[in-house]
Every structure is written in structure tokens, then in C-alpha cells.
Amino acid sequence: MLETRSESDGGAGFAKRARWRRRLRELYVGTDTRATRFQWALASIDLVIIGFFVLSPVLQEWRAFLWVDYAIALLLAADFSARAAATTNLGRWLRQPVVWVDLVVLATLLAPLWLANLGFLRILRLWSLSQKSLFWRSLRRHGYQEWEDVGRAGINLVTCLFVITGFVYTVFAGPGSGIGGWIDALYFTVATVTTTGFGDITLPGTAGKLTSIVTMIVGISLFVRLAQALFRPYKVSFRCPQCALLRHEPDAVHCKACGHLLAIPDSGGG
């Protein structure tokens, strides 16, 4: 009798957890009105948090800075746990680059005193946010799908600029370095990425030269990617079932690589 009741309670608990996880999954990956509102609310909070990350070098002397830091850590930890609970395949989910980025960001928030020198990596949360389909789904729904590549390339470039700026400020700022503050680090990064090369601020030593080289190579690559997205003819993203080619002309009927018949969904543009 007792064993039967215990098994019944265990089954009811399992069913309750399954329903709870299903509801979370519907909120995080669903496309209905309720899920979309929930995802936009999370994205809005994320944007505020990212703004705080950008301003962190300026706000570090603020008395309540650590309290805000830990509050954000709790929010992101709750979001991370909820997404983990909502996934249907935890192992595959943990292998995603976005998850690793979120773990790094969370670690810098939970241990700000020990990982202070890695605080500049928090801005990677912007890239993580851009990987969500919410923004791009909204663009497609309103007929602006041709701006998706431009948006992704622009976010990648902005993220890179802030990451490099944070690294330069963390590693090289100091008396006699030419980097007197965060604005100087941003100025150096933009001047280097654009290959303007005014030369009024240079990073000292071999490490400084290597940092400048990497900044120029990465920056130019991302600028070229953004220029391509802006000026090349618009193409739709649709994976060919035969050869897996992803980019096609909007009115393509056959894959230009293998000739396979395509069934590209009509976005409803007329």
C-alpha cells in the first residue's frame, strides 16, 4: 500500500516537472503571442544589462556597483538555469558556443574580484543576444529580411570593438602608456581597426604590437563582412536538401550548385 502510494507520488512529481519544463520550453522557443512577449521582455532586460557592461569601466567607483553586479549575476543565473531546464537535449545544448559565452559572462559576475581582468568579456553577451531568432524573425515578419545579414555583421563588429577596447584598457592602461582611460582605449581601437593610424596613441612593447596586429586583422575582416552584407545582392537563407548550399537568389527555383529543385518559402512580399 505504502509502496503504491510512493510510486504514485513519484509519478505525479515527474509529470509535474515535465509540464513545468514544457511550459518553459514554450516560453523560450515558442512563436505565439505569449512567448514572443516573454522573449521581448527578456531581450529588453538583456539590453539594459549590456548597457551596464559597456559603462562598467566608468561605474566601477560607484558605491553600489558590486550590488548591481551580483543582482545581474542572479538574473543571468536564473535565466541560464531556466534555459537548461527547458532544453530537450542537455548535452547538445551545453556544446553550443552561446552557452559557453554565457558561462564565461556569469563567472566574471559571480567572482568579480578574482576575475576582474576578464570583465571585458562580458560584452560578449551582446553577441549571445544576437544569436536569438527573435530579432531576425521580427525583421522577416515585417518584410525587412534583407537587413538580417547587415544586422548580424554590425553586431559582430560592435562586439569586437568593445571586447578589444576592454582588453586594451585592462592590460595597457597606466601611467606613461598613452592609455589614460577607457575613452582612450576606445579611440585607439577604432583608429586601429579603421587603419587610420594617427599614431598619437601606441601600445608599448611586443605585446602592444601584437595586440595592434590582431586588432587590425580582425577589424578589417569584420569591416569587409559588413560591407559585403551592405552592398552585395540580397540572397535568402535556405539550405539545399541535396548539397546543403545555404545562400540562394530570392526567386531561385533550382540550386545553382547541384540543380536540385528548391521550395523556398514565400515571405509574403507580394
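The values are calculated or read from the model by the stated rules, or taken from the named source; none is laboratory data. This one's a predicted model, so the numbers in the text were calculated from it and none came from an experiment. Quick reminder, even Gly has a Cβ in these numbers, built from the backbone with ideal geometry, and neighbours come from all protein chains shown. Ligands, DNA and RNA are stripped out before the accessible areas are found, and what is left, the full protein with its side chains, is counted by its heavy atoms. Shrake-Rupley method; radii C 1.70, N 1.55, O 1.52, S 1.80 Å.
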Quiz item: Can you work out the FRET efficiency for the pair Leu94 and Ser133, with r the C-beta to C-beta distance and R0 = 22 Å, to the nearest 0.05?
Solution: 0.65
Self-check item: Point-charge dipole on Cβ atoms (K/R +1, D/E -1) for the stretch 103-255, about Cα centre, debye to 20
Solution: 500
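Looking at the stretch 101-171, which chymotrypsin sites (Phe, Trp or Tyr not before Pro) are DSSP coil and have at most 16 other C-beta atoms within 10 Å of their C-beta? Please list the in-between numbers first.
On the way: sites: Trp114, Phe120, Trp127, Phe135, Trp136, Tyr144, Trp147, Phe162, Phe167, Tyr169; in loops: Trp114, Tyr144.
Within the stretch 101-171, the qualifying chymotrypsin sites (Phe, Trp or Tyr not before Pro) (loop, at most 16 other Cβ atoms within 10 Å) are Trp114, Tyr144.
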Quiz item: Which residue, chosen from Thr170, Ala185, Phe223, occupies the Cα position most advanced towards the positive end of the dipole of the chain, where the dipole is computed from +1 (Lys, Arg) and -1 (Asp, Glu) charges on Cβ about the Cα centre?
Solution: Phe223
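If the only charges are +1 at each Lys and Arg Cβ and -1 at each Asp and Glu Cβ, what is the size of the charge dipole of the chain around the Cα centre, to the nearest 20 debye?
Computed charge dipole of the chain: roughly 800 debye.
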Practice problem: Hydropathy first: keep DSSP H helices in the chain averaging at least 0.0 on Kyte-Doolittle, then drop any whose Cα extent along the axis falls short of 24 Å, and list what survives. | Solution: 33-59, 65-86, 148-172, 205-231
Quiz item: (i) 1.06; (ii) 1.01; (iii) 1.17: which one is Rg/Rh (Cα atoms, Kirkwood Rh) as calculated from this entry?
Solution: (i)
Quiz prompt | Apportionment of accessible area to carbon and sulfur, the chain, percent (1.4 Å) | solution = 64
Quiz item: Can you give the extra length, in nm with one decimal, that the chain gains between Ala244 and Arg37 once fully stretched, where that is 0.36 nm per residue apart less the Cα-Cα distance?
Solution: 71.2 nm
Quiz item: Tell me, what is the 1.4 Å probe accessible area of Leu245, in Å² to the nearest 10?
Solution: 50
Quiz item: How large are Rg and Dmax for the stretch 106-175 when only the alpha carbon atoms are used, in Å?
Solution: 15.8, 52
Practice problem: Subtracting the Cα-Cα distance from 0.36 nm times the residue separation, let me have the gained length for Arg63 to Ala263 in nm, one decimal. | Solution: 66.2 nm
Quiz item: Listed highest first by mean packing, meaning other Cβ atoms within 10 Å per residue, what order do 181-188, 70-77 come in?
Solution: 181-188, 70-77
Quiz item: With every protein chain left in place, what is the accessible area per residue of the chain in square angstrom, probe 1.4 Å?
Solution: 62
Quiz prompt | Estimated distance in nm for a label pair at Ala207 and His142, the labels positioned 7 Å out from Cα along Cα-to-Cβ | solution = 4.5
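Between Met216 and Asp79, 0.36 nm times their residue separation minus their Cα-Cα distance comes to what?
Residue separation times 0.36 nm, minus the Cα-Cα distance, leaves 45.8 nm.
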